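Q: Could you have a look at this structure, given as structure tokens, before my questions?
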């Protein structure tokens, strides 16, 4: 297993290098290049030339790339053109909020979709199952940003807290600025973005889990488990769910990039101080170092997530574990 | 007594009426009420967009004295911040959104079929390289790549067609072919050693002929189902990109950029948000139901079983 992990980690190095080369060159191909951001102001041609030299943009591309690579390997991703602060500092400040949002959404999604998926598989074709299936179709057809807008419309613009007259739920930021820390305040800020982001995923995963539960439930070993007199709860949650959940882990890992993309909408609509918003503003402001940095770090995280999913999968499924150890 | 030949017509033998594959698929499809409802909703939305020109209003003309009208008989969906009739804009926007959905999915389907087909048919190094490429594309959040690519095209002042219509199609198509490639590859991998491929090779068919005429038809089912769902996904993606300001550029209406337009004032004039959003919702849910019904109707075991009966 350890060798397998090491091999996978080594394999990801050329992939990351390729990513960095592609992004670096594509960004430099854009007319105007990184300088265009400075050229928009009142900067004189002489000053521009100076900035060019200072940023190393007068060097050949290949030299620029290796310079950038050398710096990156030492943990220096350059400075943001916009704020002048180190890219790494900017990104690290944003990673936390994104993980907090995605992590809590994910937890909610998993809990709800496992419950919903199991219930609708166990009671296949009941009214409840049909209701749930319809709901999952609806949930999958709603764009994250539209759900976000409608939630704001309902819980921020329309409904208000009867005792204070303030909006029922806050619709921007991660916490109230200038107020002492309180768990309730953080939770209240989390609810709307979490629901907007999670709704589609709950639908998708409960459908998926329902299908794989139905596959498992009709197998012989489940009949055996029932025949030897186990309680239905134990049969469903211990014997059936464990096998039904294995394909879900792989799917989850493959979907992680999409979840990350969805969080970009949630972050923008709810002014959440995360990576998605950082990336979006970097695109708007042509902040090249931040662009490079966020893309690279996101790619690295995605590769890592896939690796973790593979490890979890092999932990859950002895057959896969056996194949990989060979 | 000489033996007499019995005329064939006198034999009590009837050739059973053969159903074509299309008939069987349609017969199976009809059994899905939700699939039928989905198809009808789609038809309605397509008709609405196709006959957008019936509207007495201009979709883009600004008329500030008429802004933010509540829904009424004159403006069933109300008007927006520039006094434009929202129903008209929704209909014209539907053209853009549906076309983007279909065309970018077609791009993705063609790309995916070529890449997956080559990888599955030739295997070995070609497969290895092409599948690494697929993994490479899969390891990014699609939205990040979309924003990045749209940014590059915009900065390079490359615009294909009105409102960046072509840009969106290319960009979405180029970032969503991976599932298709994997599906097609699986079919090719499975069938390249099969008897009928060997037979075709033995009478001298070349690789291209085998791929296109013999193997590809077997992948049509999954490709169609995936394309239906993929169209829904592309419409969602387009609306998202336009919402972020990197999709269809105003004044050309699309459902996504109408939502973007509405965002600032939606607390006061909610109908601006509700109608374009509902259009996206109904289109996507209808496509998903149709895709679901098609998956069932095109299930090869079912179809072949019924053809043999």
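Q: Here are A:235, A:177: which of them is loosely packed, with under 14 Cβ neighbours inside 10 Å and over 27 Å from residue B:143 (Cα atoms)? Show your work before the answer.
A: Details: A:235 fails: loosely packed, with under 14 Cβ neighbours inside 10 Å.
Step by step, each of A:235, A:177 is checked, and only A:177 is loosely packed, with under 14 Cβ neighbours inside 10 Å and over 27 Å from residue B:143 (Cα atoms).
Q: Here are the criteria: (1) free of Cβ contacts under 8 Å to residues at least 12 places away in the same chain; (2) more than 27 Å from residue A:148 (Cα to Cα). Tell me which single one residue A:288 does not satisfy.
A: (1)
Q: Which of the numbered conditions does residue A:142 fail, given that it passes all the others? Conditions: (1) at pLDDT 85 or above; (2) touching a helix residue (DSSP H, G or I) at 6+ places or on another chain (Cβ under 8 Å); (3) not in a loop (DSSP other than H, G, I, E, B).
A: (3)
Q: From the set of residues in region B:32-61 that are in a loop (DSSP other than H, G, I, E, B) and touching a residue at least 24 places away in the same chain (Cβ under 8 Å), which is farthest from residue B:99 (Cα to Cα)?
A: Here is the first cut: in region B:32-61, the ones in a loop (DSSP other than H, G, I, E, B) are B:32, B:51, B:55-61.
Right, trim to touching a residue at least 24 places away in the same chain (Cβ under 8 Å) and you get B:32, B:51, B:55, B:57-60.
Details: B:32: 26, B:51: 15, B:55: 20, B:57: 22, B:58: 20, B:59: 17, B:60: 19 Å.
The extreme case among them is B:32.
Q: Can I ask one more? Which of the residues that make up region B:240-261 are more than 8 Å from every other protein chain (Cβ to nearest Cβ) and part of a helix (DSSP H, G or I)?
A: Matches in region B:240-261: B:241, B:242, B:255, B:256, B:257, B:258, B:260, B:261.
Q: Among the listed residues A:57, A:77, A:88, A:101, which satisfies the condition of being surrounded by 14 or more Cβ atoms within 10 Å (Cβ to Cβ), at pLDDT below 75 and touching a helix residue (DSSP H, G or I) at 6+ places or on another chain (Cβ under 9 Å)? Lay out the reasoning, then the answer.
A: Values: A:77 fails: at pLDDT below 75; A:88 fails: at pLDDT below 75; A:101 fails: at pLDDT below 75.
Answer to the check: A:57.
Q: Among the residues of region A:148-163 satisfying the criterion of being free of Cβ contacts under 8 Å to residues at least 12 places away in the same chain and at the interface with another protein chain (Cβ under 10 Å from one of its Cβ atoms), which is farthest from the chain's Cα centre (by Cα)? Spell out how you get there, then give the answer.
A: Taking region A:148-163 and keeping what is free of Cβ contacts under 8 Å to residues at least 12 places away in the same chain, we get A:150, A:153-154, A:157-163.
Next, from what is left, pick out any that are at the interface with another protein chain (Cβ under 10 Å from one of its Cβ atoms): A:150, A:153-154, A:157-158.
On the way: A:150: 22, A:153: 25, A:154: 26, A:157: 28, A:158: 30 Å.
Here the answer is A:158.
Q: Restricting the search to region A:129-147, which residues are loosely packed, with under 14 Cβ neighbours inside 10 Å and away from every other protein chain (no Cβ under 11 Å)?
A: A:131, the sole residue that qualifies.
Q: So, residue A:294, is that one within 11 Å of chain B (Cβ to nearest Cβ), in a helix (DSSP H, G or I) and touching a residue at least 60 places away in the same chain (Cβ under 8 Å) or not? Write out each step before concluding.
A: Values: within 11 Å of chain B (Cβ to nearest Cβ): yes; in a helix (DSSP H, G or I): yes; touching a residue at least 60 places away in the same chain (Cβ under 8 Å): yes.
Criteria met by residue A:294.
Q: Would you check if there is a residue in region A:190-206 being farther than 27 Å from residue B:262 by Cβ, away from chain B (no Cβ under 13 Å), touching a residue at least 12 places away in the same chain (Cβ under 8 Å) and in a helix (DSSP H, G or I)?
A: Yes, that holds for at least one residue.
Q: Any residue that is within 14 Å of chain A (Cβ to nearest Cβ), farther than 30 Å from residue A:286 by Cα, assigned to a helix (DSSP H, G or I) and out of contact with any strand residue (DSSP E or B) (no Cβ under 9 Å at 6 or more places or on another chain) - is there at least one of those in region B:189-202? Please lay out each step first, then the result.
A: We begin by selecting, within region B:189-202, every residue within 14 Å of chain A (Cβ to nearest Cβ); these are none.
Within region B:189-202, not a single residue is within 14 Å of chain A (Cβ to nearest Cβ), farther than 30 Å from residue A:286 by Cα, assigned to a helix (DSSP H, G or I) and out of contact with any strand residue (DSSP E or B) (no Cβ under 9 Å at 6 or more places or on another chain).
Q: Considering each of A:254, A:264 in turn, give the residue that is at pLDDT below 80, within 9 Å of chain B (Cβ to nearest Cβ) and part of a helix (DSSP H, G or I). Even if it seems obvious, please write down each step before you answer.
A: Values: A:264 fails: at pLDDT below 80.
A:254 is the lone residue from the list that is at pLDDT below 80, within 9 Å of chain B (Cβ to nearest Cβ) and part of a helix (DSSP H, G or I).
Q: Hey, another quick one. Among the residues of region B:130-158 satisfying the criterion of being more than 9 Å from chain A (Cβ to nearest Cβ) and closer than 11 Å to residue A:30 by Cβ, which is surrounded by the fewest Cβ atoms within 10 Å (Cβ to Cβ)?
A: B:158
Q: (1) more than 8 Å from chain A (Cβ to nearest Cβ); (2) out of contact with any helix residue (DSSP H, G or I) (no Cβ under 6 Å at 6 or more places or on another chain); (3) surrounded by fewer than 18 Cβ atoms within 10 Å (Cβ to Cβ): which one isn't true of residue B:218, the others all being true?
A: (2)
Q: Please determine whether any residue of region A:61-72 is without any contact (Cβ under 8 Å) to a residue 12 or more places away in the chain, over 25 Å from the mean Cα position of the chain (by Cα) and either closer than 30 Å to residue A:211 by Cα or part of a loop (DSSP other than H, G, I, E, B) (or both).
A: Taking region A:61-72 and keeping what is without any contact (Cβ under 8 Å) to a residue 12 or more places away in the chain, we get A:62-63, A:66-67, A:70-71.
This time we only want the ones that are over 25 Å from the mean Cα position of the chain (by Cα), so: A:62-63, A:66-67, A:70-71.
Add one more test, that the residue is either closer than 30 Å to residue A:211 by Cα or part of a loop (DSSP other than H, G, I, E, B) (or both), and what stays is none.
Among the residues of region A:61-72, not one is without any contact (Cβ under 8 Å) to a residue 12 or more places away in the chain, over 25 Å from the mean Cα position of the chain (by Cα) and either closer than 30 Å to residue A:211 by Cα or part of a loop (DSSP other than H, G, I, E, B) (or both), which makes the answer no.
Q: Would you check which residues across region B:193-215 are surrounded by 19 or more Cβ atoms within 10 Å (Cβ to Cβ) and closer than 29 Å to residue A:254 by Cβ and list them? Steps first, please.
A: First, pick out the residues of region B:193-215 that are surrounded by 19 or more Cβ atoms within 10 Å (Cβ to Cβ): B:210-211, B:215.
Selection gives B:211, B:215.
Q: Suppose we keep only residues that are crowded, with 24+ Cβ neighbours inside 10 Å and not in a helix (DSSP H, G or I) within region A:267-286. Which one would you say is farthest from the other protein chains (Cβ to nearest Cβ)?
A: Here the residue is A:272.
Q: Is there a residue in region B:161-178 that is assigned to a loop (DSSP other than H, G, I, E, B) and surrounded by fewer than 17 Cβ atoms within 10 Å (Cβ to Cβ)? Can you show your working first?
A: Going through region B:161-178, the residues assigned to a loop (DSSP other than H, G, I, E, B) turn out to be B:161, B:175-177.
Narrowing the set further to residues that are surrounded by fewer than 17 Cβ atoms within 10 Å (Cβ to Cβ) leaves B:161.
Within region B:161-178 (the criterion being assigned to a loop (DSSP other than H, G, I, E, B) and surrounded by fewer than 17 Cβ atoms within 10 Å (Cβ to Cβ)), the answer is yes, since at least one residue qualifies.
The values are calculated or read from the model by the stated rules, or taken from the named source; none is laboratory data. In this text the structure is predicted, and so the values were computed from the model without any measurement. Reconstructed Cβ throughout: ideal geometry from the backbone, glycine too, with neighbour counts over all protein chains shown.
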